[in-house]
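Everything on this sheet refers to the single structure shown next.
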Amino acid sequence: MSAAPLPYASPPSVDTLYAEHHSWLRTWLQRRLGNAADAADMAHEAFLRLIMKPAPRGFHSPLEARAYLRSMAQGMCINLWRRREIEQAWLDTLSAQPQDVAPSAERQAIVLEALHEIATLLQGLSAKAAQAFLMSTICGMTASEVGSELGVSSRMVRKYVAQAMLRCMQAHAAQTTAELRTSRAA
Amino acid sequence: MPATSSIDSVQPDSRHEEDGPSHEAMEQAAHWYALLISGEADATDRARWQTWLAANAQHRHAWTYVEAVSQRVLAPLQDTPDPTLLASKVHDVHTRERSRRRVLAGLGAVAGLGLIGWTGWTRTPIVGVLAAWTADYRSGIGDIREIKLADGSRIWLNAGSALNADMSANLRKLTLIAGEVLVSTAHGDARPFIVGTPQGQLRALGTRFTVRREPEQTFLAVYEGAVEIRTAASDTTTVIAAGKQTRFSPDRIADATEADPAREAWSRGDLVAWDLSLAAVVQELNRYYTGHIALDPAVAQRRVFGTFPLRDVDGALAMLADVASLQVRKPLPWWISISSRDATPSPAQSR
């Protein structure tokens, strides 16, 4: 593989990109993920994404292509880690409970789905806003209780909760609209 | 989208669905939600929210998203064995993800900084409603629990309530953390029987009584024997006799009034309404229902008479619909909407 840092004469095809960067990407992912199978899956998925949604301005050089692939793969790793950590968080919570209070398998699936969803929805929120939202909603604490934990006013807590709720609502609205469009197109 | 005055215009499959509510309506809905769950909303706020909801279809549409998020994402997480632990773990995941993304964005973030506040939370003694999750006894939404205490006393925990019980050599003490408890003390035990709330302590004098935590005060109704109230801030004591009820704050005890015997009917799973407003009945039923019950303000003040099963909210609402000539609809599985059956209610059923 000779990835010489020469500019591309014309926009490279996906085939070219694959030939030049796939094995580099897989090696890079394996170092980060510490697992060959995960790395192979993810490298494959990265190229699938590149086909579905090409880089907006194309690539002018192999270096640019690698930088793009690397940041895309980095984002995918973060998502994967998040999903695994969420699953682990749920398992840890369960294992802290006596056996007889363990929820049913269906219930667990619902909880896990909700956990993945909330973790995705919280993305981009500040740590305090996310914390205020979790404490207010999941733990059912009042705004003044949350405020004294976080060292902010209860007014600020309400602002955080509203901010996080709005984000969740918008995500839900976008999802509903997309589903409606799909069902109408079908 | 025209503003309409009836709850009936909420249709999840309305043709406006694709447009979605305006950003403004979504923002307002999010702010209402934040206020309503803050523990700081009073009756006026809730009435204003109802007015906002009734004002136009965009508002109600925006609110359906609040409902959707609460029911699909938040409710399953609340209803877990240890929501506090789960929430703290979700926050850990969020914090780690944030620092990873910050590194990704090349901002050179100091990883772990965001953890400080959280550690503070997990180590601080639990407070308020949070304590309910670790209480000795607690009951979920729509769940009335009868408990026999070690001394032979019997207590009934109303829906959504929690308490700690501490039986020591010289004292029997219950601490009501949330909701309402009906106590029937055992006879022949010399140890004092105390129920504590943030507003004060109640000492049972051989008795059967109800204690309920309200936002800023404690409600007490005595059915048998008597109960002595000692308020938290002023140390004032007052004995409330059987057949009386009162409310007290840390420094003041209201004048006692006649106790409503129907108030303890919940311990048998009944809601006895004797000339109650529909709004009050719905508020009570809401304690037993995990979803949202929307009541058209036009019918909120109708008077209701009857006994309704608390363990079967759908059944109770069907009975209500029957006796009060109401239309009960479920636009969404978690949303019950109650409005007038006809545009002009007959005089016999409204006042």
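The values are calculated or read from the model by the stated rules, or taken from the named source; none is laboratory data. This is a predicted model, so every value here is computed, not measured. All Cβ positions, even for glycine, are placed from backbone atoms using ideal geometry, and neighbour counts span all protein chains on display.
One table, with the values for the structure above:
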| read-out | value |
| --- | --- |
| Scan of the stretch A:108-124 for residues that are of a type outside the set (G, A, S), more than 12 Å from B:L74 (Cα to Cα) and more than 8 Å from every other protein chain (Cβ to nearest Cβ), ordered by number | A:Q108, A:T120 |
| Odd one out for B:P215 among (1) touching a residue at least 60 places away in the same chain (Cβ under 8 Å); (2) in contact with a Lys or Arg (Cβ under 6 Å, 6 or more places away or on another chain) | (2) |
| Matching residues in the stretch A:126-143 - criterion: being more than 7 Å from every other protein chain (Cβ to nearest Cβ) and more than 18 Å from B:Q71 (Cα to Cα) | A:S126, A:A129, A:A132 |
| Count of the stretch B:1-60 residues which are in a helix (DSSP H, G or I), of a type in the set (G, A, S) and at pLDDT below 50 | 1 |
| Residue list for the stretch A:170-186, filter: more than 8 Å from chain B (Cβ to nearest Cβ), in a helix (DSSP H, G or I) and not polar (S, T, N, Q) | A:A171, A:A174, A:A178, A:E179, A:R184, A:A185 |
| Test: residue in the stretch A:29-42 that is under 30 Å from B:T80 (Cβ atoms) and touching a residue at least 40 places away in the same chain (Cβ under 8 Å) | yes |
| Yes/no for B:L276 being under 24 Å from B:F305 (Cα atoms), in the same structural domain as B:R311 (by TED's automatic domain parsing) and assigned to a strand (DSSP E or B) | yes |
| Residue within the stretch A:17-40 that is outside the structural domain of A:C168 (by TED's automatic domain parsing), modelled with pLDDT under 80 and either over 30 Å from B:A87 (Cα atoms) or within 23 Å of the chain's Cα centre (by Cα) (or both) present | no |
| For A:A65: the one exception among (1) facing chain B (nearest Cβ under 10 Å); (2) surrounded by 13 or more Cβ atoms within 10 Å (Cβ to Cβ) | (1) |
| Qualifying positions in the stretch A:133-153 - in a loop (DSSP other than H, G, I, E, B) and surrounded by 24 or more Cβ atoms within 10 Å (Cβ to Cβ) | A:I138, A:C139, A:M141 |
| Residue match in the stretch B:234-249 (condition: assigned by TED's automatic domain parsing to the domain that holds B:E180, modelled with pLDDT under 85 and not small (G, A, S)) | yes |
| Strands (runs of 3 or more DSSP E) wholly inside the stretch B:152-239 containing at least 3 residues that are among the hydroxyl-bearing types (S, T, Y) | B:218-231 |
| Top-ranked residue of the stretch A:154-169 - restricted to ones that are farther than 12 Å from A:A130 by Cα and more than 8 Å from chain B (Cβ to nearest Cβ), ranked as surrounded by the fewest Cβ atoms within 10 Å (Cβ to Cβ) | A:R155 |
| Tally of residues being facing chain A (nearest Cβ under 7 Å), part of a loop (DSSP other than H, G, I, E, B) and touching a residue at least 24 places away in the same chain (Cβ under 8 Å) across the stretch B:74-91 | 1 |
| Residue that is nearest to B:L278 (Cα to Cα), among those in the stretch B:20-70 that are among the basic types (K, R) and over 15 Å from the mean Cα position of the chain (by Cα) | B:R48 |
